[in-house]
Every structure is written in C-alpha cells, then in structure tokens.
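The values are calculated or read from the model by the stated rules, or taken from the named source; none is laboratory data. These numbers were taken from a predicted model, which means no experiment stands behind them. A quick note on method: Cβ atoms are made from the backbone with ideal geometry, for glycine too, and the neighbour counts reach across all protein chains shown. Only protein heavy atoms, including side chains, enter the accessible area calculation; ligands, DNA and RNA are left aside. Shrake-Rupley method; radii C 1.70, N 1.55, O 1.52, S 1.80 Å.
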Amino acid sequence: MRKSWFNRLLLSYMPVFIIVITFVFFVFFQVFSEQSRKEALKSNEMLSLQAMQLIDTSLKAIDNTVLREIASSEDLRTFFKSNKEGDPFINIRAVSRMKDMINYNPLIDSIYLVRYTDSFVLSNATQGDMKDFSDHSFIEQIQDTKTSKWTDTRMYQPFGHMPAKQVVSLVRGAHFLNEEQGIIVVNVGTDSLKRMTQDLFKSQVGFIQVKDQEGRLLFSNGADSSGTKAQSIYVSSYSGWNYESGFIHGGLMRMISSLSSIWFVTGLIMIGLGMIWMVYVTRRNSKPIEQIVDRFSSYSLPILNGSEKRMDEFAFISSALDNIMEQSLQYQKQYKEDMHLRTRNLFHQLIDGNTVLSWIDWKREAEKLQLPTPKKTHRIIIVEIDKYGEFCSHFARQDQNLLKFAVRTVVQEILMKDELQSWSEWISSSQLAVIVFEPEKGIQDIEIFERQLDQIRAWTAENLKFTVTISIGDRADEIQLIPSAFQSAKYALKYKYVLGENRLIWSDDLATEGQAEAYAHLGDIRAIIQLLRKSDESWKDAYHSLFHNLKQGLLTNDDIEHLLDYFIYNLNRECSSMNKELQACWSDDILPAMNDIMDSGYTLEFIHDEMYAILMRLSNAIVATQETNQHATMIREMSSFIEREFANPNMSLDYLSEQYHINPKYVSKLFKENTGQKFVDFLIDIRMNEAKRLLLNTNHNIQEIAEQVGYLNAISFSRVFKKVMGSSPSDYRSNAAKRA
C-alpha cells in the first residue's frame, strides 16, 4: 500500500518536475550559447581589427624606413648618381644598405634599386640591366603609373631557377634635388604576412581573409572558409585591403538564434501548464494525506523510507566528492602546465629583451617558479643539434623528445660538477639555450669551463648517435646585457659552414678574426664557369681555391649560401646557351643534384666534395659534346693561337679568318657556341690578366705595358682596363702596393 502511494505521488509530480527542469536547463544553455556567440563575434571583430592594425603598422614601418633611407643614406644617393662604369664599391655599399633594411624589417623579402639614367637594376642578390631583370615588366608599369603606395598582390621571381613568390610591393621614388633619379622597390611576401597573423586565428571554426583592392586573395588564416559569409569586414585606410573574418558554421548559429525566442515563449507556456498541473495534483492528493495524518497522528512513522532517502543522499555526496576530486586533479595539472609556460615566458623575456626586468623582479619570479637564484654575472651558451634534418628522419617524434630531454639533463649535470647552476630551455626545435649562473667569485678557470662544454659535446657524440655544436656568447655582467650575449652566441652558429660541426665556437674568437667580403668572390665564380665552359682543366684548381678562400675568409652561412646560389645561377645561364644535349643534362641531372646539395649540405667540406663530383660529370659531358663537334678542334686551336699571339695589335676576327680561311662572321659564331664567350671578350680577358701581372710584378710604365699586351695607344689600354677592373692601371698598381 505504501509502495503504491509512493508511486502515485512520484508519477503525479515527476512530469512537472521533468518539464520545468528540462526547460530551465534549456533556457540556461540557450542564454549561455547566445551570450557566447555574441562574445565570439565581438572577439572575432577585435582580432580582425588587431590583425589589420598589426599589418598596417608593419607596412608603415617599412615605408618609413625606406623614406628615411632615401632622405639620409649617402650610399643610396651616390648609387643613383653613378653609372655602370662607376666605382663597383658604390653598388656594394648600396647592397649593404638594402641588407640593413632587410635585417631591420624581417618582413621584407627582397629589395632592388632601379636607376633611370642607365636603366640599371641592383638588388640584394643580383644586378644587371633592367631589360634583363626578371621583374622588368613591373618596373615599366610603375614608371607609367607613378604610384608610391603598396601594390596589389603579384608574383615575383628573383631568379630563373627559383619558383615565383606571391608578394606585395612598395615603390618609392628616389628624389634628389627635386628630381626623381630612380625608384626603390620593396617586396614583402604574403606568406610573411600570413605568419604574422596566424597565431590570431588558429580555431577550426574561425577564419580571416585578406584581399587587395582588386578583390584578389592575399592570404587566409584559420579554418577553410569556402562558401561561408564573413561576420565582420574592415577596410584598411592605409593599404585599402579588405579584412574579412567570421565563423565557418555561422549559418547554423544564426538559425539557433532565430529559434531561441520561439523556445523561450514555449517554455513560459510549459511553466504555466506545469503550475496548473501541480495545483491540481496537490489539491487532489492533499485530502488522502490529511486523512492519513489525522488517523496516525498519535503514532511514530516508520523510518524505512527515511533510511532509503538517506542512502540516496550519501550516494549524491559520494558523487559530489568524486566530482570535486576530479576537478582538483585537473586544477593541479593545469597549475603545473601554467608554471611551465611561465618559466618559458620568463626565459624568453630575459634572452629576447622584450620587457625590462630588474634583478629584483627576476629573483622574485625565480622563487615562485622554483628556479635558480639569479647572479650578478651570467653566460649564455646555445647547444644546437647538427644535421637536424637527418635527426628528424632517423628518429620518431617520441624518440626525438626523449633524446632532447637527455641532452638537457646532461648539460645540467656536467655543469653542476663544478657547482655551476644552469637554466636551459629549447628555443627552437634544434637549439637549446642555456643561462649559466656564475658564482660570486666568477668562473675562476675558463679552461675548466671549456672542458666541461667539450665533455657535453663528446658525451653526446658517443652515446646519442648524433652530434651537437656549442656556441658560447659574450659574458653578461648585467641583466640588460643578457639579450646581447644571447645574440652573440646565436651569431656564432652562423659560421658552422666554415668552422664545421661537433665543436665549440666562442663568439670572442670570431670578433678577432678578419672576415672577407662575400662580393670579392663573384669574379672567381664567373671565372670558374668560363673555364668549365671552355673545358679548361684549370677550372678544378680554381674551384678548390675558391672553397679554400671561402673557408679562410670566415663567411657566415648566409653569405656562403648566397654565393652558391650565385654560382648555380650563372652556371644555369651558361648551360642554357649550350646545345640541346647539354641543356637536357643540366636540367634533368646536374641542376636537381645541386639543389639537393644546397638543401642537405651542413658543412663547407661536404658541399665542396659533392658539388665537385657533380661538376666533373658536367665537365665530362661538355668534353664529350665538344669531341663530337666537328668545329671543336679548330676552336681550341684558335684559342691557343690567341693565347700565344694576344700581344699582336692586329689580332682581330679578320686576322683569324685569314689564318684559318673562314668567314669572320662564321668565326665569331663558332667561337661563341663553343666557348660561351665572344671573341672580343676572350681576347680582352687574356690581355687584362697579363696587364695585371705586369702591373704587379714589373716597373714598366703604362705605355710599355700597353704595347706588351697588344695596344698601341696607352689611352685605349687605360680605357679598357678601367672598364673591366673598375679602376685605372695606375690606381690599380698603387692600391695593390698599399695592400701589400
């Protein structure tokens, strides 16, 4: 009977309870969802505005840098006032200014200068006439439109062997004395702009699109937004670009929002019906309960049902405790993750110098994060994994993390042997930065410190199946000097090509070494290619000498890569003018192999050996082609004859044609096809090389040297010498004497 009455009451009130609670939860989550949607839209708009402001600020900074250089740089002013026959160091200084602008503004992909007086183009990687420049069509368009704003998206290809890149360009006229003598073109890759804003839109449901004034897509970040309408659109007042952002499932969100009011009204009706039902059921069931109470008012009610109710309460408490314990564990886990992130953030603040931290602030934060107490003096070292591409291919991701943990642990333990505390963080996938805390008395014996670092290097090579290179930065006697010490250690790693891997590199040693100018090797590269084209075996000695000079010159990795790109570029240009068999050999075999070497080369010795083997294949192919050519023997005889008779003032095409009984024009054509040079250029090279030898090793006057190399007039000789060498014979001799 009791069970029947219990079921009756339960079935009477349970429907109302379920209806009301269901509606309350629905209203709660509906309001919460609507509020979340509004906040998400507002956040999306703020991120879009922030992305626009970030890009506009960066572009304005580049524009201001260019305007400042135009107004104040003497090197650029001198370049635009010079001509092709001018001092070559003018071009070098101009390139240096362009590199400074690129280093100051990492967004800049490339820069080139256009001089109107002689249609000369100079970029940070090459130079030449405007008609031969890969971007000449864009230059002509700019000259017609005279615009000085950022252009719409376009494709830019600096070299023929390199793929084109999507860029936006800033064009500024070089005005001096109210006269425009040229233009400066700054190219910014759209992929760089995309990387700048990619951290703002990482959600799988949000996106941002940036389009130029013509409606073409510059880049897109976030999830795939095809077929989705943007929730917010901003137009930059500076660049005129459109910034569109929104949510991928915006249509569904709008539909739910439109139905919310209907559900709300329905819920109110359900509450009203529930209240009516409760009143009805209460009135109907209250009479029997009152009768029962009246009848058993003098008796104690049994507690069975109460005990059952208490059991239910304990079950609820148990469930609640389990929930609290689970939340507590999640909180502790989140706290540990936050501590790790705070530790990494503090480390990057110290080495990057993004914020100003005092010694007291650092000490207070170190105590909270359980880090070593900062000292007055610190040293920065960077441990870099050598051949990181091979490291990633040989080990799985889990093994990579384990090996990196081993390297970090070994660094700390070996340094602790001499009571040196350290703090290390992986600043990139291949580089571990370490702050070494020097004791108050300082590092007494620097040789012991160097021996410890060498133990780290040796232990890694012996036990971990890969090697590391360790660079040691400058000593930081103040907290403010830690970023510069870190930069010195990072800069030292740029000499791994020259100095090799699996070693220690001290930034102090690099500061005392002389560094050669990369542009000094451009002539040697061209000479090697010409000798190779002529099948002259001396190209091998010139090649070995070039790499020897690169190593002795202590060039950075970037400089060496630029020189090797220049080598491949010129070799590609020469091979493009050869016959079809050699062109096919170059494009199908030699060029891909060289590009693979550039991608996988980690040391200068490795690049030297591998590229030499490839050039030997090309040399053999050229020799084989020349042997099958019926005119190759005759051209070699002509070349030998010119090398013997270059001092003859009558040496010319007509003179050769008389000697070999061939039409002069046909001689010129054969000479160009087989040697890659015009007859006049070949003769001038021989005469100028002999003239340089006489100027350096003899005391003959200019007239005597001119006669000995085939010129009757010293004025003609001086004019040709200055055009080839960039200075007059007398200046060349005096400059060589000063250097000696």
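The figures follow:
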{"item": "Residue list for the range 422-452, restricted to those being modelled with pLDDT under 85 and open to solvent by 20 Å² or more (accessible area, probe 1.4 Å)", "result": "PRO439, GLU440, LYS441, ILE443, GLN444, ASP445, ILE446, GLU447, ILE448, GLU450"}
{"item": "Unmet criterion (only one of (1) under 25 Å from TRP539 (Cα atoms); (2) touching a residue at least 40 places away in the same chain (Cβ under 8 Å); (3) surrounded by 14 or more Cβ atoms within 10 Å (Cβ to Cβ)) for MET651", "result": "(1)"}
{"item": "Pairs with Cβ under 8 Å, 6+ apart, first in the range 499-513 and more than 9 Å from ILE472 (Cβ to Cβ), second modelled with pLDDT of 80 or more and among the β-branched types (Val, Ile, Thr)", "result": "LEU499/ILE505; GLU501/THR467; GLU501/THR469; ASN502/THR467; ASN502/VAL468; ASN502/THR469; ARG503/THR469; ARG503/ILE470"}
{"item": "Unmet requirement for THR197, which otherwise passes all of (1) within 14 Å of LEU59 (Cα to Cα); (2) of a type in the set (Val, Ile, Thr); (3) modelled with pLDDT of 85 or more", "result": "(3)"}
{"item": "Residue in the range 705-715 that is over 23 Å from SER535 (Cα atoms) and polar (S, T, N, Q) present", "result": "yes"}
{"item": "Unmet requirement for PHE682, which otherwise passes all of (1) surrounded by 14 or more Cβ atoms within 10 Å (Cβ to Cβ); (2) within 27 Å of ASN83 (Cα to Cα); (3) at pLDDT 85 or above", "result": "(3)"}
{"item": "Enumeration of residues in the range 364-373 that are open to solvent by less than 70 Å² (accessible area, probe 1.4 Å) and of a type outside the set (S, T, N, Q)", "result": "GLU365, ALA366, LEU369, LEU371, PRO372"}
{"item": "Residues that are in a helix (DSSP H, G or I) and buried (at least 19 other Cβ atoms within 10 Å of the Cβ), drawn from the range 528-545", "result": "ILE528, ILE529, GLN530, LEU532, ARG533, TRP539, TYR543"}
{"item": "Out of LEU453, LEU481, sole residue that is outside any strand (DSSP E or B) and farther than 17 Å from ARG408 by Cα", "result": "LEU481"}
{"item": "Check on ASP474, charged (D, E, K, R), open to solvent by 20 Å² or more (accessible area, probe 1.4 Å) and outside any helix (DSSP H, G or I)", "result": "yes"}
{"item": "Single unsatisfied condition, PHE207 versus (1) farther than 26 Å from GLU34 by Cβ; (2) surrounded by 21 or more Cβ atoms within 10 Å (Cβ to Cβ); (3) at pLDDT below 80", "result": "(1)"}
{"item": "Boolean, ILE597 is more than 27 Å from ASP132 (Cα to Cα), open to solvent by less than 20 Å² (accessible area, probe 1.4 Å), modelled with pLDDT of 80 or more and of a type in the set (A, V, I, L, M, F, W, C)", "result": "no"}
{"item": "Qualifying residue in the range 654-673 (condition: charged (D, E, K, R), at pLDDT below 80 and either within 42 Å of the chain's Cα centre (by Cα) or open to solvent by less than 30 Å² (accessible area, probe 1.4 Å) (or both))", "result": "yes"}
{"item": "In the range 379-419, the residues that are in contact with a Phe, Trp or Tyr (Cβ under 7 Å, 6 or more places away or on another chain), outside any helix (DSSP H, G or I) and open to solvent by less than 10 Å² (accessible area, probe 1.4 Å)", "result": "ILE380, ILE385, ASP386"}
{"item": "Verdict on LYS692 being assigned to a helix (DSSP H, G or I), at pLDDT 75 or above and either open to solvent by 60 Å² or more (accessible area, probe 1.4 Å) or not aliphatic (A, V, I, L, M) (or both)", "result": "yes"}
{"item": "Residue within the range 347-363 that is of a type in the set (Val, Ile, Thr) and either surrounded by 18 or more Cβ atoms within 10 Å (Cβ to Cβ) or closer than 19 Å to GLY473 by Cα (or both) present", "result": "yes"}
{"item": "From the options THR460, THR512, residue that is modelled with pLDDT of 85 or more and more than 30 Å from VAL623 (Cα to Cα)", "result": "THR460"}
{"item": "Selection status of ASP118, acidic (Asp, Glu), open to solvent by less than 40 Å² (accessible area, probe 1.4 Å) and closer than 22 Å to LEU522 by Cβ", "result": "yes"}
{"item": "Residues that are modelled with pLDDT under 80 and either touching a helix residue (DSSP H, G or I) at 6+ places or on another chain (Cβ under 6 Å) or on the phi < 0 side of the Ramachandran plot (or both), drawn from the range 133-164", "result": "GLN143, ASP144, THR145, THR147, SER148, LYS149, PRO158, PHE159, GLY160, HIS161, MET162"}
{"item": "Output for the range 568-589, where each listed residue is modelled with pLDDT of 75 or more, of a type in the set (A, V, I, L, M) and under 17 Å from ILE529 (Cα atoms)", "result": "ILE568, LEU571"}
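Each row is one residue, and each column tells you yes or no for (1) open to solvent by 50 Å² or more (accessible area, probe 1.4 Å); (2) modelled with pLDDT of 80 or more; (3) assigned to a helix (DSSP H, G or I).
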| residue | (1), (2), (3) |
| --- | --- |
| TYR602 | yes, no, no |
| ARG617 | yes, yes, yes |
| ALA621 | no, no, yes |
| GLU627 | yes, no, yes |
| THR633 | yes, no, yes |
| SER639 | no, no, yes |
